[in-house]
Amino acid sequence: EEAADDVDAQESLLEAMDELNVLIGDWRATPQRADPGDMLEEPNWVWDFETDPAQPALVMSTNDSPYFRRVRLSYDVAAREFTMTVDCIDDQIRELRGAFEEAPTEFQRDDRRVHVTYKLTLNEVEPADERDQWQIALNQQDNNRYLVELSRHRSDGYARFDTINNQRQGTSFAQADDDYGERE
């Protein structure tokens, strides 16, 4: 019976994270506050079913982020909230929890593809330093673009300290990557 409960929990986790599958793949990332031309080393999101088989997660890693090396995003079925573990460049591990601030919505663009948009906001729990409590929002714009909004807690709420623009590798900011003809 315990094995059946584990399978049900894993199915519930994967169902809750289904809308986040749009993150899977290679991205180009540009921090807003970085020097002109600075880009991160192609962040790559993949599913990790091996590190903790009972708690699969989407994992992103990069070697040259000004903030983190690795991010692990999963879902706590019992608490009904998303969890994020961030391995920061200063060797600090930040644990965050949260939910959709804007629910996933599907829409169709001129490219006739179904795109997904949402905003998932997570707040750091039990920060090592109360003056350095983070909030991270994944703001999915469409299938080929999302923002990572990084904020720190202040006395009157959260203040953003950077936004990382992520564009899917092999795509452009234009609405369609083909069929331009004479247009620019």
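Every number in this text was worked out from the coordinates using simple rules, so none of it is lab data. Everything quoted here is computed from the prediction, not taken from an experiment. Positions of Cβ are backbone-derived with ideal geometry, glycine not excepted, and every protein chain shown enters the neighbour counts.
Odds and ends about this structure:
- Total formal charge among the other residues, if their Cβ is under 13 angstrom from that of residue 126, Lys/Arg +1 and Asp/Glu -1: -3
- Sites residue 114 and residue 155 - FRET efficiency at Förster radius 41 Å, r taken between beta-carbons, to 0.05: 0.45
- Environment charge of residue 137, counting only residues whose C-beta is closer than 11 Å and scoring Lys/Arg +1, Asp/Glu -1: -1
- Loop GluC sites (Glu not before Pro), region 72-148, which have at most 11 other Cβ atoms in a 10 Å radius of their Cβ (DSSP): none
- Mean projected area in nm² (Cα convex hull; one quarter of hull surface) for region 111-166: 4.5
- With a cut-off of 16 Å on the backbone N, no residue of region 120-135 is near the modelled label site 7 Å out from residue 87 along Cα-Cβ.
- For region 12-22, putting each phi into the Karplus relation 6.51 cos²θ - 1.76 cosθ + 1.60 with θ = phi - 60° gives couplings of 5, 4, 5, 5, 5, 8, 3, 5, 7, 4, 4 Hz, in residue order, rounded to whole numbers and with x for Gly and Pro.
- Charge tally in the Cβ shell below 11 Å around residue 153, where Lys, Arg are +1 and Asp, Glu are -1, residue 153 excluded: -2
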